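Asks: Pasting a structure below so you can have a look.
The values are calculated or read from the model by the stated rules, or taken from the named source; none is laboratory data. Here the structure is a predicted model, which is why all the values come from computation and not from measurement. Every residue, glycine among them, receives a Cβ derived from its backbone with ideal geometry; neighbour counts consider all protein chains shown. For the accessible areas, the whole protein counts, side chains as well, though only heavy atoms, and no ligand, DNA or RNA atoms are used. Shrake-Rupley method; radii C 1.70, N 1.55, O 1.52, S 1.80 Å.
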Amino acid sequence: MRHRELAVAGAFEFTPAVFPDERGSFASPYQEGAFIAATGKALFPVAQASRNVSRRGVVRGIHYTLIPPGTAKYVYCAAGRVLDYAVDLRVGSPTFGRWEAAELSLANGRAVYFPPGVGHAFAALEDDSVVCYLLSAEYRKENELTLSVFDTDLALGLPAEPAPILSERDAAAPTLGEAAALGLLPEW
């Protein structure tokens, strides 16, 4: 498994070998040895596994959690194709405000690790795209926050077509500057 650190400190992309044959293909999007080699530590104890299914044009995020308690994520795409974004929201981080996108798909088998305080968003590039998450903490509505994917200061470079489809919550999300002014950003 190959790995690389993203432009966001502590966030990594993992690319496993994909083995196709006449039956289909096989890949292991998470491998403990590769994770330890990249990060220097084992993956967090998994408290929750989640997935969502999105049609083309759906944009989810930028989602993050309050710290404490904070939630780390390990994310991969089990079907379809998404453009997945890691956004550093940690005040005081050397990469604060920076982001990087990685294309995740069934075909490439890639996964991304998000440490606590790093925001996550994705844009579905195909219908029926399935994004799977391993989470270090169970979902708690009161700890979950969101920022605008349209924040011009972040300039995420979302796909131009089709028009983004967002939840009401994500559509009404504050910008990074507004969240900072309200004291809603995690500390490094």
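Asks: Can you tell me which residue within the stretch 1-24, out of those that are in a loop (DSSP other than H, G, I, E, B) and open to solvent by 90 Å² or more (accessible area, probe 1.4 Å), is nearest to residue 42 (Cα to Cα)?
Replies: Within the stretch 1-24, the subset in a loop (DSSP other than H, G, I, E, B) is 1, 6-11, 16-17, 22-23.
Among the residues that remain, those that are also open to solvent by 90 Å² or more (accessible area, probe 1.4 Å) are: 22-23.
Values: 22: 35, 23: 33 Å.
Applying the filter and picking the extreme gives 23.
Asks: Consider only pairs whose beta carbons are under 9 Å apart and that are at least six residues apart or on different chains; among these, list those whose first residue lies in the stretch 49-67 and is charged (D, E, K, R) and whose second residue is buried (at least 17 other Cβ atoms within 10 Å of the Cβ) and assigned to a loop (DSSP other than H, G, I, E, B).
Replies: Pairs that qualify, where the first residue is charged (D, E, K, R) and the partner is buried (at least 17 other Cβ atoms within 10 Å of the Cβ) and assigned to a loop (DSSP other than H, G, I, E, B), are 56/80; 56/125; 60/149; 60/166.
Asks: Taking the residues in the stretch 87-117 that are assigned to a strand (DSSP E or B) and aromatic (Phe, Trp, Tyr) as candidates, determine which candidate is most open to solvent (accessible area, probe 1.4 Å). So that I can check it myself, show each step before the final result.
Replies: First pass over the stretch 87-117, keeping only residues assigned to a strand (DSSP E or B): 87-88, 91, 99-105, 111-114.
Those still in the list that are aromatic (Phe, Trp, Tyr) too: 99, 113-114.
Values: 99: 78, 113: 12, 114: 2 Å².
Out of the qualifying residues, it is 99.
Asks: A further question on this structure: Can you tell me which residues in the stretch 119-131 are open to solvent by less than 10 Å² (accessible area, probe 1.4 Å) and farther than 16 Å from residue 51 by Cβ?
Replies: 119, 121, 123, listed by residue number.
Asks: Does residue 172 qualify as being touching a residue at least 40 places away in the same chain (Cβ under 8 Å) and either of a type outside the set (Ser, Thr, Tyr) or over 18 Å from residue 186 (Cα atoms) (or both)? Steps first, answer last, please.
Replies: Details: touching a residue at least 40 places away in the same chain (Cβ under 8 Å): no; either of a type outside the set (Ser, Thr, Tyr) or over 18 Å from residue 186 (Cα atoms) (or both): yes.
No.
Asks: Moving on to the next point. Of the residues in the stretch 53-76, how many are part of a strand (DSSP E or B) and either open to solvent by 20 Å² or more (accessible area, probe 1.4 Å) or over 13 Å from residue 120 (Cβ atoms) (or both)?
Replies: 7
Asks: In the stretch 25-48, what residues are among the aromatic types (Phe, Trp, Tyr) and open to solvent by 40 Å² or more (accessible area, probe 1.4 Å)?
Replies: From the stretch 25-48, those among the aromatic types (Phe, Trp, Tyr) are 26, 30, 35, 44; that's our starting set.
26, 30 - these are the residues of the stretch 25-48 that are among the aromatic types (Phe, Trp, Tyr) and open to solvent by 40 Å² or more (accessible area, probe 1.4 Å).
Each row is one residue, and each column tells you yes or no for (1) in contact with a strand residue (DSSP E or B) (Cβ under 8 Å, 6 or more places away or on another chain); (2) outside any strand (DSSP E or B); (3) in contact (Cβ under 8 Å) with a residue 40 or more places away in the chain.
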{"site": "119", "(1), (2), (3)": "yes, no, yes"}
{"site": "133", "(1), (2), (3)": "yes, no, yes"}
{"site": "148", "(1), (2), (3)": "yes, yes, yes"}
{"site": "153", "(1), (2), (3)": "no, yes, yes"}
{"site": "160", "(1), (2), (3)": "no, yes, no"}
{"site": "163", "(1), (2), (3)": "no, yes, yes"}
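Asks: Which of the numbered conditions does residue 139 fail, given that it passes all the others? Conditions: (1) assigned to a loop (DSSP other than H, G, I, E, B); (2) closer than 24 Å to residue 54 by Cα; (3) at pLDDT 95 or above.
Replies: Looking at each condition in turn, residue 139 falls short on (3).
Asks: Also, I was wondering about something else. For residue 86, indicate whether it is of a type outside the set (Asp, Glu) and within 11 Å of the chain's Cα centre (by Cα). Even if it seems obvious, please write down each step before you answer.
Replies: On the way: of a type outside the set (Asp, Glu): yes; within 11 Å of the chain's Cα centre (by Cα): yes.
Judged against the criteria, residue 86 is a match.
Asks: In the stretch 121-131, which residues are outside any loop (DSSP other than H, G, I, E, B) and either more than 14 Å from the chain's Cα centre (by Cα) or modelled with pLDDT under 95 (or both)?
Replies: If the condition is that a residue be outside any loop (DSSP other than H, G, I, E, B) and either more than 14 Å from the chain's Cα centre (by Cα) or modelled with pLDDT under 95 (or both), then 129 is the only one that fits.
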